[in-house]
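The values are calculated or read from the model by the stated rules, or taken from the named source; none is laboratory data. In this text the structure is predicted, and so the values were computed from the model without any measurement. Cβ atoms come from the backbone with ideal geometry, glycine included; neighbour counts cover every protein chain shown. In case anyone asks, the SASA skips ligands and DNA or RNA and just uses the protein heavy atoms, side chains included. Shrake-Rupley method; radii C 1.70, N 1.55, O 1.52, S 1.80 Å.
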Amino acid sequence: MANLGFVGLGVMGRQMVNRLLGKGHTVTGYNRTRAKAQWLIDKGMKWADSPRAVASTADVTFAMVTNSAAITSVTEGPDGLLAGLSKGKIFVDISTVSPSVSRALAAKVREKGADMVDSPVSGSVITLQEGKLSVMVGGRRETFERVKPLLLDIGPKVTYVGDNGLALAMKIAVNLSLAVQMMAFSEGVLLAEKSGIARETAVDVLTHSAVASPMIQYRGPFVLQQPEEAWFDVNMMQKDMLLAMELGRQLDVPLPTTAVSNEFLTAARGMGMAKLDFAVVFDVLARMSGISK
């Protein structure tokens with residue numbers, strides 16, 4: 001059993017900690033809001049007052065935060081995660097951030113005698129709870145081999161994709177398709193609805209049809225009712241879409257459907273729906289179609 005740390009206990013992070021505790025690992029956690037972590041503390045997670053304290057305590061520290069600015073915030077400074085690293089420790093960043101930011105951070109980690117891999121995941125709260133999460137890893141292969149058993153405790157599919165930053169490039173390539181698929185699904189539902197088919201029927205047919213990817217199967221019903229807590233809100237999805245377009249410009253890869261889908265996320269934000277699950281792009285398109293939900 002491993003001595004682990006975890007920084008960032010959001011919707012996905014706290015479920016990952018729950019799985020790691022269930023596997024018998026010792027986990028020390030930190031989150032800006034302790035109240036969100038209380039149920040994990042009640043289940044046996046140890047609490048630390050800073051990212052530095054987490055990294056000082058743990059042999060392997062995980063982090064899952066919202067964006068590049070957030071990973072900089074929890075790693076830099078006197079109370080940052082970097083200050084708690086030392087020779088032989090490993091940092092596993094599960095956050096989806098800019099590959100260049102991640103590579104620069106990995107260099108700083110190695111200056112401390114520790115090592116780092118980027119390890120973003122593909123899936124939702126449901127796939128995580130069901131043990132079906134897919135994990136991608138970028139970094140030194142020998143470090144990957146050391147953390148692979150821990151990552152397998154989070155999800156059953158763990159793939160080494162190459163050097164630092166490449167797992168993030170892979171994750172960005174995956175995530176751009178989520179918004180694009182959601183847009184296409186919304187178009188299909190609305191076309192059926194305006195033809196006279198009940199929305200519930202259209203959703204049922206489409207989520208059991210040839211177009212029903214795993215994402216469509218679990219997120220498609222959100223066009224009928226949003227979840228109480230967004231699984232992946234508009235702001236988070238737009239962050240990933242902007243990362244995709246930035247990478248596309250760098251690599252000369254045109255991303256036309258990504259660009260169009262991103263504009264609907266901007267429209268959702270303009271309509272005050274930034275904190276809702278990104279499936280709310282359906283509502284944007286519905287209003288443009290003359291349908292009020």
Next item on the list: Name every residue in region 31-50 that is part of a helix (DSSP H, G or I) and open to solvent by less than 10 Å² (accessible area, probe 1.4 Å), in order of residue number.
Entry: 37, 40
Next item on the list: Note down all Cβ pairs under 8 Å where the first residue falls in region 220-247 and is touching a residue at least 12 places away in the same chain (Cβ under 8 Å) and under 17 Å from residue 36 (Cβ atoms), the second is among the hydroxyl-bearing types (Ser, Thr, Tyr) and surrounded by fewer than 20 Cβ atoms within 10 Å (Cβ to Cβ), and they're at least six residues apart or on different chains.
Entry: 236/66
Notebook entry, point to check: For residue 28, all conditions in the list (1) closer than 19 Å to residue 70 by Cα; (2) open to solvent by less than 40 Å² (accessible area, probe 1.4 Å) hold save one; what is the number of the exception?
Noted result: (1)
Notebook entry, point to check: Among (1) of a type outside the set (Phe, Trp, Tyr); (2) out of contact with any strand residue (DSSP E or B) (no Cβ under 6 Å at 6 or more places or on another chain); (3) in a helix (DSSP H, G or I); (4) within 26 Å of residue 265 (Cα to Cα), where does residue 170 come up short?
Noted result: (2)
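Does region 14-21 contain any residue that is part of a loop (DSSP other than H, G, I, E, B), open to solvent by 20 Å² or more (accessible area, probe 1.4 Å) and at negative phi?
Checking region 14-21: not a single residue is part of a loop (DSSP other than H, G, I, E, B), open to solvent by 20 Å² or more (accessible area, probe 1.4 Å) and at negative phi.
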Next item on the list: Kindly state which helices (runs of 4 or more DSSP H) lie completely within region 218-293 and contain at least 3 residues that are closer than 29 Å to residue 132 by Cα and open to solvent by less than 10 Å² (accessible area, probe 1.4 Å).
Entry: 234-251, 256-270
Check: For region 198-212, how many residues are open to solvent by less than 30 Å² (accessible area, probe 1.4 Å) and assigned to a loop (DSSP other than H, G, I, E, B)?
Finding: 2
Check: Taking region 133-183, which residues are among the charged types (D, E, K, R) and touching a Ser or Thr at 6+ places or on another chain (Cβ under 6 Å)?
Finding: 157, 171
Notebook entry, point to check: So which residues in region 129-151 are open to solvent by 30 Å² or more (accessible area, probe 1.4 Å) and modelled with pLDDT of 95 or more, if there are any at all?
Noted result: 140, 141, 142, 145, 146, 148, 149
Note to self: Considering only region 60-67, I want to know if a residue exists there that is more than 30 Å from residue 213 (Cβ to Cβ), out of contact with any Cys (no Cβ under 6 Å at 6 or more places or on another chain), surrounded by fewer than 24 Cβ atoms within 10 Å (Cβ to Cβ) and not hydroxyl-bearing (Ser, Thr, Tyr).
What the structure shows: yes
Next item on the list: Output the number of the condition that residue 6 fails; it satisfies all remaining conditions of (1) modelled with pLDDT of 95 or more; (2) under 21 Å from the mean Cα position of the chain (by Cα); (3) assigned to a loop (DSSP other than H, G, I, E, B).
Entry: (3)
Next item on the list: Starting from region 35-60, keep only residues that are touching a residue at least 40 places away in the same chain (Cβ under 8 Å), then list their pairs with residues that are open to solvent by 30 Å² or more (accessible area, probe 1.4 Å) and part of a strand (DSSP E or B) whose Cβ atoms are within a distance under 7 Å, requiring at least 6 positions of separation or different chains.
Entry: 48/30; 51/30; 54/30; 58/3; 59/3
